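Here the structure comes first, spelled out in C-alpha cells, and everything after it is commentary.
The values are calculated or read from the model by the stated rules, or taken from the named source; none is laboratory data. Treat the numbers as computed from the prediction; the structure is a model and nothing was measured. So basically every Cβ, Gly included, is an ideal-geometry build from the backbone, and we count neighbours across all protein chains shown. All accessible areas refer to the heavy atoms of the entire protein, side chains included, with ligands and DNA or RNA removed. Shrake-Rupley method; radii C 1.70, N 1.55, O 1.52, S 1.80 Å.
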Amino acid sequence: MSLNCGIVGLPNVGKSTIFNALTKAGAEMQNYPFCTIEPNKGIVEVPDNRLERLAELYKPQRIIPAIMEFVDIAGLVKGASQGEGLGNKFLSHIREVDAICHVVRAFEDDNITHVHGTINPVEDAQVVNMELIFADFESADKQFQKLSKNAKSGNKEAQEIVSVLEKILEVLKAGKPARLVDLKPEEKKIAKTFNLITSKPVMYVANIADKTATQKDHPLVLAVQKMASEEGAQVVTLCGKFEEEISGLSKEEQIEFLSEIGETQSGLDRMIQAAYKLLGLVTFFTAGEQEVRAWTTDVNSTAPVAASVIHSDFEKGFIRAEVMKFEDLDRTGNQAKVKEEGKLKLEGKEYLVQDGDVIYFRINA
C-alpha cells in the first residue's frame with residue numbers, strides 16, 4: 001500500500017537536513033527561505049528487528065522490509081493561506097500526504113537565520129498550524145455554502161454532510177485543528193471526503209542542537225511536548241546534524257555511535273516508527289526459504305484484506321490463514337515447535353490481523 005508522510009515547518013528549521021538523513025536523497029539545503037520549492041520525495045525502510053530475527057530462522061534468499069514515503073515540502077510562512085511565500089503551492093502539496101511530520105526548531109545557531117528572528121518552537125508551530133486552519137476554514141465554508149440550500153430543501157444526504165461541516169467549522173473558528181472534532185464513526189467517513197489538512201494525523205519533531213542531544217529536559221523541547229500533549233500529538237526529539245552524520249556510517253558504526261550517547265535507536269528510526277504508527281498501520285510477515293518480507297496493512301484489517309496487500313486477487317480467493325505470533329516463533333526457534341505447542345492457528349475471513357503476525361495464506365487460485 002502507498003503511504004506517505006509530509007515533512008513541514010517554517011523555513012530553516014532543519015526539514016531538508018532531516019529528509020536527507022532519512023533518505024540520503026541529497027535534497028538541496030541553503031540558508032535562505034524557499035530553497036525547497038517542488039517537494040522532494042524519498043522511500044525509506046521501516047526499521048524492524050523482527051525481520052532480522054525471522055531471517056535468522058528461515059535463512060531466505062532475500063529480505064524485504066516494509067517501506068514508506070517521506071515528502072520534503074517547502075517551508076511555510078505567515079500568510080500562506082492568503083498566498084504569501086509559496087502559499088497555494090504549499091497547501092496543495094500538503095493536501096496530498098497521508099500524515100504530517102511537523103519539524104520545529106529547538107536549537108540556537110547564529111549562523112542559521114530564523115524567519116521571525118527569535119527561537120520559539122511553540123510560536124513557530126502555531127504559525128504553521130493557524131495557516132492550515134485558515135485554509136481549512138475557507139475550504140469547509142465553501143462546501144458548507146454550496147450544500148446549505150440542498151439541506152434546507154430537505155435533501156437528507158446534504159443535511160448529514162452539513163451537520164458534520166457545522167461541527168468542523170465551529171472547531172476551526174476556535175483556532176483548533178479539525179482532527180480534534182468529536183465525531184461518530186459514520187460522521188468521520190463523511191469528514192474524510194472533505195480532504196481537510198488539519199484532519200490529518202500529526203507528529204512534532206523537535207530538532208535540537210548537537211551539544212544538547214543528550215539533554216532530556218531541554219526547556220524548548222519541554223515546551224513542544226506540552227503543546228503536543230494538549231493536541232493529543234506525538235513528539236520525537238532528534239538532532240538533525242547528528243542524524244545526518246549517523247546516516248553515512250555502517251550499521252556497526254551507528255550502533256557504537258549511539259551507544260556513546262546513551263541511545264539504542266537513532267532519532268530517524270524513532271521518527272519512522274512513530275510515523276508508521278501515526279498512520280494507523282500494523283506489520284505482518286510472510287516467511288519462507290525464498291523470502292522473508294514485512295507487509296503493511298491498516299489496524300483492524302481482516303485476513304482477506306491483509307492478503308490483498310500481497311496481491312489484489314488474494315482477497316477474492318481467500319480460503320484461510322495459518323497464523324503464528326512472532327513472539328512464539330522467536331521463543332521456540334522454529335515453526336514445528338510452535339505447531340507442537342498448538343499455537344499455530346487456522347483463521348478464517350473474520351480474523352483481524354495483529355501486529356507481528358507471521359502468516360501463510362491459503363488461496364483458491
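Is it the case that ARG179 is open to solvent by 50 Å² or more (accessible area, probe 1.4 Å), in the same structural domain as ILE94 (by the TED database) and touching a Leu at 6+ places or on another chain (Cβ under 9 Å)? So ARG179 fails the test. Checked against (1) in a helix (DSSP H, G or I); (2) of a type in the set (D, E, K, R); (3) surrounded by 15 or more Cβ atoms within 10 Å (Cβ to Cβ); (4) modelled with pLDDT of 95 or more, LYS241 meets all criteria but (4). Screening the candidates ILE94, ILE133 for the property of being at negative phi, at pLDDT 90 or above and surrounded by 17 or more Cβ atoms within 10 Å (Cβ to Cβ) yields one hit, ILE133. Here the condition is being crowded, with 21+ Cβ neighbours inside 10 Å and closer than 30 Å to GLU52 by Cα; of VAL164, VAL205, VAL235, it holds for VAL205 alone.
Among VAL309, VAL338, VAL358, which is the only one that is out of contact with any Gly (no Cβ under 9 Å at 6 or more places or on another chain), assigned to a helix (DSSP H, G or I) and in contact (Cβ under 8 Å) with a residue 60 or more places away in the chain? Sole residue among the options that is out of contact with any Gly (no Cβ under 9 Å at 6 or more places or on another chain), assigned to a helix (DSSP H, G or I) and in contact (Cβ under 8 Å) with a residue 60 or more places away in the chain: VAL309.
Scanning region 257-283 for residues that are touching a residue at least 40 places away in the same chain (Cβ under 8 Å), open to solvent by 40 Å² or more (accessible area, probe 1.4 Å) and part of a loop (DSSP other than H, G, I, E, B) gives ILE261, GLY262, GLN265. For region 293-332, a residue qualifies if it is among the aliphatic types (A, V, I, L, M) and either under 22 Å from the mean Cα position of the chain (by Cα) or surrounded by 19 or more Cβ atoms within 10 Å (Cβ to Cβ) (or both), and the qualifying residues are ALA294, VAL299, ALA303, VAL305, ALA306, ALA307, VAL309, ILE310, ALA321, VAL323, MET324, LEU329. Restricting attention to region 23-61 and to residues that are open to solvent by 50 Å² or more (accessible area, probe 1.4 Å), closer than 22 Å to ILE272 by Cβ and in a loop (DSSP other than H, G, I, E, B), the residue that is modelled with the highest pLDDT turns out to be LYS24. Within region 210-232, the set of residues being modelled with pLDDT of 90 or more, surrounded by 14 or more Cβ atoms within 10 Å (Cβ to Cβ) and of a type outside the set (A, V, I, L, M) comprises GLN225 only. Of all the listed residues (SER247, SER229), the sole one being within 22 Å of PHE19 (Cβ to Cβ), out of contact with any Phe, Trp or Tyr (no Cβ under 7 Å at 6 or more places or on another chain), among the hydroxyl-bearing types (Ser, Thr, Tyr) and not assigned by the TED database to the domain that holds VAL171 is SER247.
Okay, residues lined up against (1) surrounded by fewer than 20 Cβ atoms within 10 Å (Cβ to Cβ); (2) under 26 Å from the mean Cα position of the chain (by Cα):
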{"residue": "PHE285", "(1), (2)": "no, yes"}
{"residue": "GLU291", "(1), (2)": "yes, no"}
{"residue": "ALA336", "(1), (2)": "yes, no"}
{"residue": "GLU340", "(1), (2)": "yes, no"}
{"residue": "LEU344", "(1), (2)": "yes, no"}
{"residue": "GLY348", "(1), (2)": "yes, no"}
{"residue": "TYR351", "(1), (2)": "yes, yes"}
{"residue": "TYR360", "(1), (2)": "yes, no"}
{"residue": "ALA365", "(1), (2)": "yes, no"}
